[in-house]
Amino acid sequence: MVVLAAAALAAGCNDSGSRPGLRGAPATVSTTVPVGSTTTVAASPRTVVTISSELGPGEARIGGTVTGPEGPVPGATVRVERLVGDDAAPTAAATTTVESGADGRWGVDSVNGGRYRLRAWRPPDLAQVTAVVAFVTIGESPPVDLVMTRHSAEGRATTAVSPDPPVVGQSAIIVVSVASGGVDAEGVVRTQARQGLSVTLGVSPNVGVTTPTIVETDAAGNAGFAILCTQPGPIVALVTVSSVAQPAPLPACVVR
């Protein structure tokens with residue numbers, strides 16, 4: 001049997017003095033549950049934390065700061081998984097989620113030591129694509145900072161050229177791919193090809209466009225342009241999608 005701290009759900013419950021599982025948690029009462037079972041603890045008005053015997057209670061703490069392109073991010077979801085088993089193929093023995101505070105900080109107290117897999121996201125446009133694995137020891141472990149990137153893909157264009165690099169005097173094809181999407185409630189980054197958008201290609205004087213410079217995207221979200229390098233050197237290209245212009249990085253024209 002193990003003893004866990006569970007949130008007092010009924011009005012009038014007194015604080016038993018048990019150590020809360022999360023900073024800022026409501027008053028707690030002690031409850032005893034069988035080893036291997038799971039109990040749910042209310043950590044804040046918007047967060048529900050599930051603690052099993054694999055996660056705690058223990059004498060370790062894990063926490064850090066969630067950041068994005070503009071700095072600390074409040075209101076991000078942080079998934080905390082305690083890993084067990086082989087290093088090459090670990091499994092999650094227990095999972096909890098917490099929410100970052102106004103300063104981007106997050107933390108879980110009273111957990112067992114061991115390996116933890118951590119990932120953060122905040123819909124509709126911020127996510128940490130690759131999870132971080134950290135080892136937590138008894139006491140205060142070093143902070144684990146989670147860095148999210150923006151995945152708002154409304155009309156975002158990516159470019160590719162074939163052959164790569166383009167050769168002076170030989171025809172080449174530039175493909176502009178346009179997609180929209182974002183981050184869902186589970187932190188999954190999803191994109192969708194955009195059909196029927198107007199794409200305009202502008203290039204530097206050492207490159208000629210031998211097809212129309214304005215093309216609509218097809219069902220796969222692609223717009224193709226044929227070009228011909230007339231001189232070696234860098235290609236300065238600009239792609240405009242639905243009146244929004246963005247640079248199009250391309251390799252330089254070469255001589256062979």
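Where a number appears in this text, it was derived from the coordinates with a stated rule and is not lab data. The structure presented is a predicted model; accordingly, all values stated were derived computationally and were not measured. For neighbour counting, all protein chains shown are included, and Cβ atoms are generated from backbone atoms with ideal geometry for every residue, glycine included.
What residues have an amide H closer than 5 Å to that of Cys253, excluding those fewer than 5 places away on the same chain, when H is modeled at 1.01 Å from N in the peptide plane?
Residues meeting the amide H criterion: Gly233, Ile235.
Whole-Hz Karplus ³J(HN,Hα) for the range 174-180, in order, using 6.51 cos²θ - 1.76 cosθ + 1.60 and θ = phi - 60°, x for Gly and Pro?
9, 10, 9, 9, 10, 9, 10
By the gyration tensor of its Cα atoms, with a ≥ b ≥ c the square roots of the eigenvalues, what is the shape of the range 122-194: rounded for a/c under 1.5, prolate for a/b over b/c, or oblate?
The shape class here is oblate.
Taking the Cα centre as origin and putting +1 on Lys and Arg beta-carbons and -1 on Asp and Glu beta-carbons, what dipole magnitude results for the range 156-247, to the nearest 20 debye?
120 debye
Pull up all non-local amide H partners of Asp145: gap of 5 or more, or a different chain, and H-to-H distance under 5 Å with H placed in the peptide plane.
So Asp145 has HN proximity to Thr65.
Could you tell me whether the range 90-130 comes out rounded, prolate or oblate from its Cα gyration tensor? Rule is a ≥ b ≥ c as square roots of the eigenvalues, rounded for a/c under 1.5, then prolate if a/b exceeds b/c, otherwise oblate.
oblate
Return the equivalent ellipsoid semi-axes of the range 153-206 as a descending list in whole Å, where each equals the square root of 5 times an eigenvalue of the C-alpha gyration tensor.
Values for the range 153-206, descending: 30, 13, 8 Å.
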